[in-house]
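For reference, the structure discussed in these notes is given below.
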Amino acid sequence: MSERELLDILDRIRTAPIVYVDETSIDVQGKKHWIWAFTTPTETFIVIRKSRGTKVLMEVLTRRFRGLIVCDGWGAYASFTNRIQRCWAHLLRESKELAEKIAEAVPLHRALKRLYKKLNDLLESDPSPEVRIQLWYMARATLNRWIRREYVTEKVIKLIGKIGNGFEYWFTFVIHPGVEPTNNRAERALREHVVQRKIVGTLRNRKGTSIHERIMTVLTTWAQQGLNTLQMMKARLSS
């Protein structure tokens, strides 16, 4: 796995029209760091940094990035760009958990599920830009009505606050074909790292961290491209 190969993957991430991004904690020498996955349908770039902040996005994607980011509600993303799609899977999981405990959250969760399903059903036929704009206005109006309702339970009020704070980012997928409404791609890219974290516990030093970044970047990208990762690794090691 040459430096050129890694740079090529990074270049494709930086110029991609849509990038799915997620991060999760990982220990390096017993201290908390963050492992970031930047992924598209055909490549993934992995970095491990002490920061969970905007500076990692600036480092990897740079100021020249003009694509859309699909992500969760972590504030670093909105500080980096306003071209965002917030993850509906996160939202529906959170609303479902509340609905299972708090009666006041039940109609809210059902309304969010209905709206999400309706939009996905209507978008299956790949409607025209004009129809997409109409759907976008409808979705915003529907969500806004639920946000404006009066709630009394603290946890429900907190969820409504999250929904309201991300209001501009819930329906990007409606007007931009190809944008997925969930961040499942990035979550899948991190899944193997979560498993390794449970087994290894902590990375030992910066050199090991760098090796981990490089290996996982190319292995994940090869797998996404339908290549045999074992054969590819053998070819690289013998060249």
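Every number in this text was worked out from the coordinates using simple rules, so none of it is lab data. Computed from a predicted model, the values in this text were never measured in an experiment. As a convention, Cβ positions derive from the backbone with ideal geometry for all residues, glycine included, and neighbour counts pool all protein chains shown.
For the reader, a short list of remarks on this structure follows.
- Shape of the stretch 112-239, Cα gyration tensor, a/c cut at 1.5: oblate
- Of all beta bridges that DSSP places with both ends in the chain, some 70 percent have antiparallel geometry.
- The helix-based estimate of mean residue ellipticity at 222 nm for the chain, built from -39,500 (n - 2.57) per DSSP H run of four or more residues and divided by its residue count, is -18000 deg cm²/dmol to the nearest 500.
- Note on Ser128 and Arg236: their simple-model spin labels are 4.8 nm apart, each label 7 Å out from Cα toward Cβ.
- Once the Cα atoms are used to define both axes, helix 88-99 deviates from the longest principal axis of the chain by about 60 degrees.
- Rounded FRET efficiency, nearest 0.05, which uses the C-beta distance separating Ile211 from Ser25 and R0 of 25 Å: 0.80
- In this structure, Lys32 and Asp11 have a Cβ-Cβ separation that, at R0 = 25 Å, corresponds to a calculated FRET efficiency of about 0.25.
- Ordering Arg83, Arg110 from the fewest to the most neighbouring beta carbons within 10 Å gives Arg110, Arg83.
- Take the Cα of Leu92, step 7 Å toward its Cβ, do the same at Thr153, and the gap between the two points is 2.0 nm.
- When only alpha carbons of the stretch 88-168 are considered, Rg and Dmax amount to 13.5, 41 Å.
- Set against the labelled values [x] 42, 38, 38; [y] 49, 39, 31; [z] 63, 43, 31, Cα extents along the principal axes in Å computed from this structure falls on [z].
- Cα shape, the stretch 46-185, gyration tensor, a/c 1.5 rule: oblate
- Theoretical FRET efficiency, 1/(1+(r/R0)^6), r = Cβ-Cβ of Asn228 and Ile175, R0 30 Å, to 0.05: 0.15
- Shape call, the stretch 32-88: gyration tensor on alpha carbons, a/c limit 1.5: rounded
- Distance between the modelled labels on Arg191 and Lys113, one decimal in nanometres: 2.3 nm (7 Å Cα→Cβ projection).
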